[in-house]
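Participant: Take a look at the following structure, please.
The values are calculated or read from the model by the stated rules, or taken from the named source; none is laboratory data. Note that the structure is a prediction, hence the values are computed from the model and not measured. Every residue, glycine among them, receives a Cβ derived from its backbone with ideal geometry; neighbour counts consider all protein chains shown. We work out accessible area using only protein heavy atoms, side chains counted, and drop any ligands, DNA or RNA first. Shrake-Rupley method; radii C 1.70, N 1.55, O 1.52, S 1.80 Å.
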Amino acid sequence: MNILLKSVTIVNGNTKNLHLKKRDILIKNGVIDAIETTIEPSGKTKVIDIKNLHVSLGWFDSGVSFGEPGYEERETIENGLLTAAKSGFTDVILNTSSYPTPDSASDIVYLKNAAKDQLTDLHPLGNLTVKGDGEVLAELYDMKNAGALGFYDYKHPMANANLLKIALQYAQNFDGLVFSFPLDKSISGKGIVNEGITSTKLGLKGIPSLAEELQIARDLFILEYTGGKLFIPTISTASSVKLIAVAKKKGLQVFCSVAAHNLVMTDSTLEDFDTQYKVMPPLRTAADVKALQKGVKNGTIDFVTSDHKPLNIELKHVEFDNADFGSIGLESTFGMLNDLLGVEDTIELLTKGRSVFGIKEPELTVGQPANLSLFTTDDAYEFSEDQILSSSKNSIAIGKPMKGKVIGSIANNQLVLNK
């Protein structure tokens, strides 16, 4: 398939002399054939000529959940990857949120086979412990050989500090990446929202910032003792940013992410008791949001993730106390970040970091495979349910201001356009 992108603005294409320049880009059989001021189409060539069209390297999400296997009614791998492609993401890391959870090499092989021949590449994580119960380490080495890029008991904190120590020591033998969810359940108890003025006013049980920060401090002490590589997903507090910044200055191999919604929303949105805003970690205060945004800009926070988690409607359309945690986010992440940070910082965040997981970084140069995201930057609108592409509709972003729209993506010699 030949594709010609006409008069596209190149953003952070890892070639400085092309940054923010308008060019025509010709793609032949999945490979970038030419980048010129003007290219005339010839033969059977699909021409994409859209006002304000921008292009960047394909986007990367460090943490998404689908439903398959076990919860296919929430999201299949096929439709999840199609949603990712239409949302601009060409590589996604898959959380261990299925049923059963992947804790063996055969589980990893199943996930990779289910994702074959898609535009968006799926990179599965494996469980850190058997069944994610925090008791016994899973088959880490075998899963690594089968293609697992890290080990994570999804949203389940590791209560056993010694087991985390052993995991970090063992994983160093094969350059394994160990995840630890930042929550001390002995502190958080039955909390469901951020502990503070809003939780007190609404009469909802709170999760103090201490529950996250105490776990992170413990994990960082263990990492300093053992060495190895530690990933702390979806941090949410100002002190968490400080703790990780200090650890990085010490030279520890620690990486972290923040969910896009934790960068832009506070717990004040909970005042209508809308269960779409019930997420884990919870929405925090304005001071926390400001610190997270600063951490993203100065590089303390490595990744901004959609934290995409499809859920059945009946798990959200219940009383707030009984609703499940989680929101979808692939479709809204770009518009949310672009409205907050502007296009250059947004694209920098969405394209960096694959090497942390051992994924080859794409290049926007002639002769390289086309791995590109297509988008506009100026459209201002409110996100609505009709813009949801996922099978599940539990979106925290409905009604939120967005800027810029995703047109589609190109990778693996495929083109997917969003409508």
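Participant: Report the local net charge at Phe303: Lys and Arg +1, Asp and Glu -1, summed over other residues whose C-beta lies under 15 Å from its C-beta.
Facilitator: -2
Participant: Under 10 Å, Cα contacts only: if you run a Gaussian network model on the chain, which one of Asp288, Asp184, Asp386 comes out with the highest mean-square fluctuation?
Facilitator: The residue with the greatest mean-square fluctuation here is Asp386.
Participant: Give the long-range amide H neighbours of Cys256: residues separated by 5 or more places, or on another chain, with amide H under 5 Å away, using H modelled in the peptide plane at 1.01 Å from N.
Facilitator: HN-HN under 5 Å from Cys256: Ile232, Asp302, Phe303.
Participant: Once you have a ≥ b ≥ c as the square roots of the Cα gyration tensor eigenvalues for the stretch 349-405, tell me rounded if a/c is under 1.5, and otherwise prolate or oblate according to whether a/b is larger than b/c.
Facilitator: prolate
Participant: Any idea how far apart Lys185 and Gln414 come out in nm if each label point goes 7 Å out from Cα toward Cβ?
Facilitator: Roughly 3.7 nm, to one decimal.
Participant: Here is a further query. In nm, what is the difference between 0.36 nm times the number of residues separating Leu210 and Ser268 and their Cα-Cα distance?
Facilitator: So the chain would gain 18.9 nm between Leu210 and Ser268.
Participant: Sum -39500 (n - 2.57) across every DSSP H segment of at least 4 residues in the chain, then divide by the residue count to get the 222 nm mean residue ellipticity, nearest 500.
Facilitator: Counting only the DSSP helices, I get -8000 deg cm²/dmol.
Participant: Given a 1.4 Å probe and the protein chains all in place, what does the accessible area of Thr200 round to, in Å² to the nearest 10?
Facilitator: Roll a 1.4 Å probe over it and Thr200 shows about 110 Å².
Participant: Taking the Cα centre of the chain as origin and charging only Cβ (+1 Lys, Arg; -1 Asp, Glu), how large is the dipole, in debye to the nearest 20?
Facilitator: For this selection, approximately 1080 debye.
Participant: Taking Lys51 as the anchor, which lysines have their alpha carbon closer than 19 Å to its alpha carbon, excluding any fewer than eight residues away along the same chain?
Facilitator: Once the sequence-local lysines are set aside, what remains near Lys51 is Lys6, Lys21, Lys22, Lys86, Lys403, Lys405, Lys419.
Participant: With only Lys, Arg, Asp and Glu charged, each at its Cβ (+1 for the first two, -1 for the last two), find how big the charge dipole of the stretch 1-44 is about the Cα centre; round to the nearest 20 debye.
Facilitator: 140 debye
Participant: Tally Lys/Arg at +1 and Asp/Glu at -1 over every other residue whose Cβ is under 9 Å from the Cβ of Ala211; what's the total?
Facilitator: Once all neighbours under 9 Å are counted, the net charge is -3.
Participant: Could you state the number of Å between the C-alpha centres of the stretch 139-187 and the stretch 395-419?
Facilitator: Between the Cα centres of the stretch 395-419 and the stretch 139-187 lies a distance of 32 Å.
Participant: Mean Kyte-Doolittle hydropathy of 0.0 or higher plus an axial Cα length of 20 Å or more: which whole DSSP H helices in the chain meet both?
Facilitator: 209-226
Participant: Same structure, new question: What is the local net charge at Asn338, summed over the other residues whose Cβ is closer than 13 Å to its Cβ (Lys, Arg +1; Asp, Glu -1)?
Facilitator: -3
Participant: Sticking with this structure for a sec: Keeping every protein chain in place, order Lys297, Lys6 by accessible area at 1.4 Å, biggest value first, i.e. largest first.
Facilitator: Result, largest first: Lys297, Lys6.
Participant: Take the alpha carbon atoms of the stretch 32-96, find their center, do the same for the stretch 232-271, and report the distance between the two centers in whole angstrom.
Facilitator: So the two Cα centres are separated by 27 Å.
Participant: Restricting attention to the stretch 165-204, which trypsin sites (Lys or Arg not before Pro) occupy a DSSP loop and are surrounded by at most 11 other Cβ atoms within 10 Å?
Facilitator: Sparse-neighbourhood loop trypsin sites (Lys or Arg not before Pro): Lys190.
Participant: Using modelled amide H (1.01 Å from N, peptide plane; none on Pro or chain starts), what sits under 5 Å from the amide H of Asn2, excluding residues fewer than 5 places away?
Facilitator: The answer is Asn29, Lys46.
Participant: Taking a 1.4 Å probe, which of Arg74, Arg284 shows the most accessible area, and what order do the others take after it?
Facilitator: If we order Arg74, Arg284 from most to least accessible, we get Arg74, Arg284.
Participant: Shifting gears a bit: Mind counting lysine pairs for me in the stretch 252-384? Cα separation below 17 Å, and the two need to be 8 or more apart along the chain or on different chains.
Facilitator: Value for the stretch 252-384: 4.
Participant: Just subtract the alpha-carbon distance of Lys131 and Ile166 from 0.36 nm times their residue separation and send over the number in nm, one decimal.
Facilitator: 10.8 nm
Participant: Turning to a different aspect of this structure: Amide H to amide H under 5 Å from Ser327: which residues, 5+ apart in sequence or cross-chain, H placed 1.01 Å off N in plane?
Facilitator: Lys309
Participant: Also, I was wondering about something else. What size of dipole, in debye to the nearest 20, comes out for the stretch 301-371 about its Cα centre when the only charges are +1 on Lys and Arg C-beta atoms and -1 on Asp and Glu C-beta atoms?
Facilitator: Using only the charged Cβ atoms, the result is roughly 320 debye.
Participant: If you don't mind, another one. Evaluate the Kirkwood expression for the hydrodynamic radius of the chain, namely the inverse of the mean inverse distance over all pairs of different C-alpha atoms, and round to one decimal in Å.
Facilitator: Value: 21.8 Å, from the Cα pair sum.
Participant: I would also like to ask the following. Just how many pairs of Lys in the stretch 156-241 have C-alpha atoms closer than 29 Å, counting pairs that are eight or more places apart or on different chains?
Facilitator: Going through the stretch 156-241 pair by pair, I get 8.
Participant: Keeping all protein chains in place and using 1.4 angstrom, which order do Glu224, Glu135 fall into by accessible surface area, from largest down?
Facilitator: Glu135, Glu224
Participant: Please compute the contact order of the chain in relative form: average sequence separation of alpha-carbon pairs under 8 Å and at least six residues apart, divided by the residue count, as a percent.
Facilitator: 19 percent
Participant: From the backbone phi of the stretch 55-72, what are the Karplus-calculated ³J(HN,Hα) couplings (6.51 cos²θ - 1.76 cosθ + 1.60, θ = phi - 60°) in whole Hz, Gly and Pro given as x?
Facilitator: 9, 9, 4, x, 7, 10, 10, 7, x, 10, 10, 10, x, 6, x, x, 10, 4
Participant: Okay, next question. Using r as the Cβ-Cβ distance of Lys21 and Glu319, and R0 as 60 Å, what FRET efficiency do you calculate, to the nearest 0.05?
Facilitator: The computed FRET efficiency comes out at 0.65.
Participant: Another question, then. Suppose R0 equals 45 Å. What FRET efficiency, 1/(1 + (r/R0)^6) with r the Cβ-Cβ distance, do Val31 and Thr200 give to the nearest 0.05?
Facilitator: In this case the efficiency is close to 0.15.
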